[in-house]
Amino acid sequence: MMLSFNEKVYRAAKKIPRGKVATYQWIARKINNPGSVRAVGNALHKNPYAPHVPCHRVVCSDGRLGGFAGGAGKKEKLLRREGVSIKNKRIDLLKFGLG
DNA sequence: CATATGACACTAT
DNA sequence: AATAGTGCCATAT
């Protein structure tokens with residue numbers, strides 16, 4: 001079956017385990033479309049599978065949270081709730097093997 | 001088909 | 001370090 005770009009994004013995001021985060025870039029690479037980071041963000045913004053897909057676990061490549069459809073503040077809260085420590089509006093990507 | 005938009009990333013200043 | 005400007009790609013209109 002033909003998966004649209006967005007669906008690929010949701011699939012990749014779905015793999016992100018609880019308590020962990022991934023970058024938009026990470027997703028873009030995972031779906032074999034590096035450079036489509038923007039489109040990835042777009043897909044997650046639309047994200048019709050809201051809670052089903054942990055879109056809140058996707059952050060910027062520089063460690064900042066990025067955006068969130070329900071409000072940036074909400075995103076931070078959700079992440080902290082899952083055990084992700086956020087310092088000065090930033091996340092240690094190194095801690096997750098990214099950066 | 002062309003233009004505009006966006007939850008990014010990178011480089012230059 | 002912080003702030004602009006540029007590039008990039010998939011959708012929506």
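Here are some notes:
- Criterion: of a type in the set (Ser, Thr, Tyr), within 8 Å of DNA strand B (Cβ to nearest atom) and modelled with pLDDT of 95 or more - qualifying residue of A:85, A:61: A:61
- Flag if residue A:98 is under 13 Å from residue A:16 (Cβ atoms), assigned to a loop (DSSP other than H, G, I, E, B) and not polar (S, T, N, Q): yes
- Any hit, segment A:73-80, residues being of a type in the set (Gly, Ala, Ser) and outside any loop (DSSP other than H, G, I, E, B): yes
- Put simply, of A:69, A:43 the only residue that is near DNA strand B (Cβ under 8 Å from one of its atoms), within 14 Å of the chain's Cα centre (by Cα) and not charged (D, E, K, R) is A:69.
- Criterion: closer than 25 Å to residue A:3 by Cα, within 15 Å of DNA strand C (Cβ to nearest atom) and not in a helix (DSSP H, G or I) - qualifying residue of A:33, A:42: A:33
- Count of segment A:15-43 residues which are of a type outside the set (A, V, I, L, M, F, W, C) and either farther than 18 Å from residue A:63 by Cα or loosely packed, with under 14 Cβ neighbours inside 10 Å (or both): 12
- Selection count where residues are loosely packed, with under 11 Cβ neighbours inside 10 Å and touching a strand residue (DSSP E or B) at 6+ places or on another chain (Cβ under 9 Å), scope segment A:44-92: 2
- Taking segment A:15-28 as the range and being more than 21 Å from residue A:80 (Cβ to Cβ) and more than 10 Å from DNA strand B (Cβ to nearest atom) as the test, only A:15 passes.
- Listed conditions (1) assigned to a loop (DSSP other than H, G, I, E, B); (2) more than 10 Å from DNA strand B (Cβ to nearest atom); (3) surrounded by 14 or more Cβ atoms within 10 Å (Cβ to Cβ); (4) of a type outside the set (Phe, Trp, Tyr) are all met by residue A:12, apart from (1).
- Where a residue in segment A:69-90 is in contact (Cβ under 8 Å) with a residue 40 or more places away in the chain and within 16 Å of residue A:17 (Cα to Cα) and its partner, wherever it lies, is of a type in the set (Gly, Ala, Ser) and part of a loop (DSSP other than H, G, I, E, B), with Cβ under 8 Å and at least six apart: A:82/A:19; A:83/A:19; A:84/A:19
The values are calculated or read from the model by the stated rules, or taken from the named source; none is laboratory data. All values derive from a computational prediction rather than experimental measurement. Heads up, the Cβs are rebuilt from the backbone with ideal geometry, glycines too, and the neighbour counts pull from every protein chain shown.
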